[in-house]
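J.: Have a look at the structure that comes next, please.
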Amino acid sequence: MNELFRYVTIAVSSEWRRCDPRQREADKAEFVSAVSDARVNAYSLVGMRADADLLLWAVGDDLESLRALEVRLAGTRLWAWSTRPHAYLAARRRSPYLDGHAHAGGEHDAPAGPRGDKPYVVVYPMTKKRSWYVLPHEERARIMAAHFAVGHRYPTIRIHTGYSFGIDDQEFVVAFECDDVRDFLALVADLRETESSSYTERETPIFVGRAMPLAEALDELDGVAARIPAT
């Protein structure tokens, strides 16, 4: 469990949409080719964020592989037409509170990154209050046990926790794969009533993305509906 996660949101300039359609098709194909050898999942943010169109979630065995990916993307024409409003770096590691709460197929033994079988993802950076870290480990473990118990009531939601201590501005980046965003809303509403919630300092901005092949996510920027079944 030592992979790295890189989350990048991309906002494409409206001026690009005024380019010749053949040029736009070439730009999209070039962009897709740039990520073809990387472990990248794409999510359309169209209709869900005003400041970004696309979310890329990349998984790498080391930092250089993630850097190499962005260097390739920087060489594309579409990247030149874009800004990156948000970007996060995190590392996968085992939670210190999982003992006694691990279960088959859980986060601790699942492959790194999304499995691609859920239509939606919710991603956000998170930071805890400093008062959390002065609590004895046993007390934090007790509080997290209640937190995990709430999560277990929502078995269709899959969590991926990335740790960012010392390598980015936030402490964590959490991603949740789900079948329906209303299920996630219900989970968060329940978690608001737990003791652990009182130790959260910040958990925004929040990105809700629709999983789809990168080529289709780019087509949505041209107003072409993705060729995926409705849920």
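The values are calculated or read from the model by the stated rules, or taken from the named source; none is laboratory data. Just so you know, these numbers come straight off a predicted model, no measurement behind them. Using ideal geometry, Cβ is built from the backbone for each residue, glycine included, and neighbour counts are taken over all protein chains shown.
J.: For region 182-215, what are the residues that are within 17 Å of TYR120 (Cβ to Cβ), touching a residue at least 24 places away in the same chain (Cβ under 8 Å) and not β-branched (Val, Ile, Thr)?
T.: ASP183, PHE184, ALA186, LEU187, PRO205, PHE207, GLY209, ARG210, ALA211, MET212, PRO213, LEU214
J.: Does ALA104 count as more than 30 Å from ALA26 (Cβ to Cβ), exposed (fewer than 12 other Cβ atoms within 10 Å of the Cβ) and at pLDDT below 95?
T.: yes
J.: Could you list, in sequence order, all residues of region 192-213 that are among the aliphatic types (A, V, I, L, M) and surrounded by 16 or more Cβ atoms within 10 Å (Cβ to Cβ)?
T.: The answer is VAL208, ALA211, MET212.
J.: Here is a follow-up. Quick one: which of ALA68, ALA74, ALA26 is touching a strand residue (DSSP E or B) at 6+ places or on another chain (Cβ under 9 Å) and among the small types (Gly, Ala, Ser)?
T.: From the options ALA68, ALA74, ALA26, the qualifying one is ALA68.
J.: Can you work out which of the residues in region 81-91 that are part of a strand (DSSP E or B) and of a type outside the set (Val, Ile, Thr) is farthest from VAL123 (Cα to Cα)?
T.: Ranking the qualifying residues of region 81-91, first place goes to SER82.
J.: Please name all residue pairs, on different chains or six or more residues apart, with Cβ atoms under 6 Å, provided the first residue is in region 159-181 and is touching a residue at least 40 places away in the same chain (Cβ under 8 Å) and on the phi < 0 side of the Ramachandran plot and the second residue is in a loop (DSSP other than H, G, I, E, B) and among the hydrophobic types (A, V, I, L, M, F, W, C).
T.: Listed by first residue and then by second, the contacts come to GLU171/PHE165; PHE176/ILE157; CYS178/ILE157.
J.: Which condition breaks for GLY47 when tested against (1) on the phi > 0 side of the Ramachandran plot; (2) over 18 Å from the mean Cα position of the chain (by Cα)?
T.: (2)
J.: I've got another one for you. Kindly evaluate GLU177 against the criterion of being among the charged types (D, E, K, R) and either in contact with a Lys or Arg (Cβ under 6 Å, 6 or more places away or on another chain) or within 15 Å of LEU56 (Cα to Cα) (or both).
T.: So GLU177 fits the description; yes.
J.: Please determine, by comparing only the residues of region 136-150 that are small (Gly, Ala, Ser) and in contact (Cβ under 8 Å) with a residue 40 or more places away in the chain, which one is farthest from VAL181 (Cα to Cα).
T.: Per the criteria, the residue is ALA141.
J.: Given the conditions (1) within 30 Å of ARG77 (Cα to Cα); (2) more than 17 Å from the chain's Cα centre (by Cα); (3) surrounded by 12 or more Cβ atoms within 10 Å (Cβ to Cβ); (4) not hydroxyl-bearing (Ser, Thr, Tyr), which single one is not true for GLY223?
T.: Among (1) within 30 Å of ARG77 (Cα to Cα); (2) more than 17 Å from the chain's Cα centre (by Cα); (3) surrounded by 12 or more Cβ atoms within 10 Å (Cβ to Cβ); (4) not hydroxyl-bearing (Ser, Thr, Tyr), GLY223 violates only (3).
J.: Something else now. Checking the condition touching a Ser or Thr at 6+ places or on another chain (Cβ under 8 Å), of a type outside the set (Phe, Trp, Tyr) and over 18 Å from ARG210 (Cα atoms), which residue from GLU15, GLU30 passes?
T.: GLU30
J.: Quick one: which of TYR133, TYR163 is exposed (fewer than 14 other Cβ atoms within 10 Å of the Cβ), of a type in the set (Phe, Trp, Tyr) and at pLDDT 95 or above?
T.: Criteria check complete, one pass: TYR133.
J.: Give me the residue from region 1-23 that is of a type in the set (Ser, Thr, Tyr) and more than 13 Å from the chain's Cα centre (by Cα) and, out of that set, modelled with the lowest pLDDT.
T.: If we take residues in region 1-23 being of a type in the set (Ser, Thr, Tyr) and more than 13 Å from the chain's Cα centre (by Cα), then SER14 is modelled with the lowest pLDDT.
J.: Separate question: Take region 126-157 and flag every residue that is out of contact with any Gly (no Cβ under 9 Å at 6 or more places or on another chain) and closer than 21 Å to GLY209 by Cβ.
T.: Hits for region 126-157 are MET126, GLY151, TYR154, THR156.
J.: Keeping to region 1-24, report how many residues are surrounded by 12 or more Cβ atoms within 10 Å (Cβ to Cβ) and closer than 23 Å to ARG94 by Cα.
T.: Residues in region 1-24 being surrounded by 12 or more Cβ atoms within 10 Å (Cβ to Cβ) and closer than 23 Å to ARG94 by Cα: 6 in total.
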